[in-house]
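K.L.:
Quick one: the structure is below, questions incoming.
Every number here is computed from the coordinates shown, using simple stated rules; none is lab data. Treat the numbers as computed from the prediction; the structure is a model and nothing was measured. Every residue, glycine among them, receives a Cβ derived from its backbone with ideal geometry; neighbour counts consider all protein chains shown.
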């Protein structure tokens, strides 16, 4: 099996897809595994205790907390978009809130404004044009290269950084499901295992290392490397796996 090697912060910033490009096939089968909600039962806590309260705090949306949580929990936990990238989720949530008359009436009454969704949309388009993953490193590049004086983008980055800094204190403390290691050990005898996720790479690496699971995986791919589908497609092409020799284990398509 190809041995897992952790990317340095320099590699993560300059060439995050390095491991996928250099991936080496050692088995006939490929298994791609998600983490949040699949290896660990942390999805609800991650959204309700980290993502959503931080966003309301950064953008002063506590006066419409019930509306925000309703929409944010729907998209992040109960819709077909479950598990999608955080910036795509925010785009979906803000557009949905904008379109609801009851929310608009409440915003007007309380004199509260929603963040400008076009900032998120412009960042997402930038990553598509430049084949970048949706993460903090690419947001920093977008700010530096396109809008170095736009305060709204720095606030968006600040929210995302605050989310990352909170992970180790809440979601990372939730252990893997029972028998995860036993399953990984069995699968690794017959398949190359890669981790695919929209969680930042550093948080993924920290989690898998903390619980002693990295010895069974070949590489970890986080949001900086693209979508889960892109992770799997790259590994498939580099390893020349047959279509019927690839399996994804996860709880969401995002």
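K.L.:
Output the 0 to 90 degree angle, nearest 10, between the alpha-carbon long axis of helix 136-146 and the longest principal axis computed from the alpha carbons of the chain.
P.N.:
60
K.L.:
Still on this structure, please answer the following. Compute the long axis of helix 101-110 from its Cα atoms, compare it with the longest principal axis of the Cα atoms of the chain, and write down the angle in degrees, 0 to 90, nearest 10.
P.N.:
It is inclined by approximately 60 degrees.
K.L.:
Under 14 Å from a point 7 Å along the Cα-to-Cβ line of residue 24: which residues of segment 215-245 have their amide N that close?
P.N.:
Flagged as within label range: 218-219, 239.
K.L.:
Quick check on the exposure proxy: order 242, 6 from fewest to most C-beta atoms within 10 angstrom.
P.N.:
Listing 242, 6 from fewest to most nearby Cβ atoms yields 242, 6.
K.L.:
What's the center-to-center distance, using Cα atoms, between segment 1-57 and segment 93-143 in Å?
P.N.:
One Cα centre to the other: 24 Å.
K.L.:
Mind sorting 169, 81, 231 by how few other Cβ atoms lie within 10 Å of their own Cβ, fewest first?
P.N.:
Working: 169 10, 81 18, 231 26.
By the 10 Å Cβ count, ascending, the order reads 169, 81, 231.
K.L.:
Relative to the compact-globule scaling 2.2 N^0.38 Å, provide the ratio for the alpha-carbon radius of gyration of segment 111-156.
P.N.:
1.16
K.L.:
Something else: Against the longest principal axis of the chain, how steep is helix 86-99, in degrees 0 to 90 to the nearest 10, with axes from Cα atoms?
P.N.:
For helix 86-99, the angle is close to 30 degrees.
K.L.:
Sum -39500 (n - 2.57) across every DSSP H segment of at least 4 residues in the chain, then divide by the residue count to get the 222 nm mean residue ellipticity, nearest 500.
P.N.:
Mean residue ellipticity at 222 nm (helix-derived): -14000 deg cm²/dmol.
K.L.:
If you restrict to DSSP beta bridges whose two residues both lie in the chain, what percentage is antiparallel, to the nearest 5?
P.N.:
If we restrict to bridges inside the chain, about 5 percent are antiparallel.
K.L.:
Separate question: Using the 10 angstrom Cβ neighbour count as an exposure proxy, how do 216, 74 rank, fewest first?
P.N.:
74, 216
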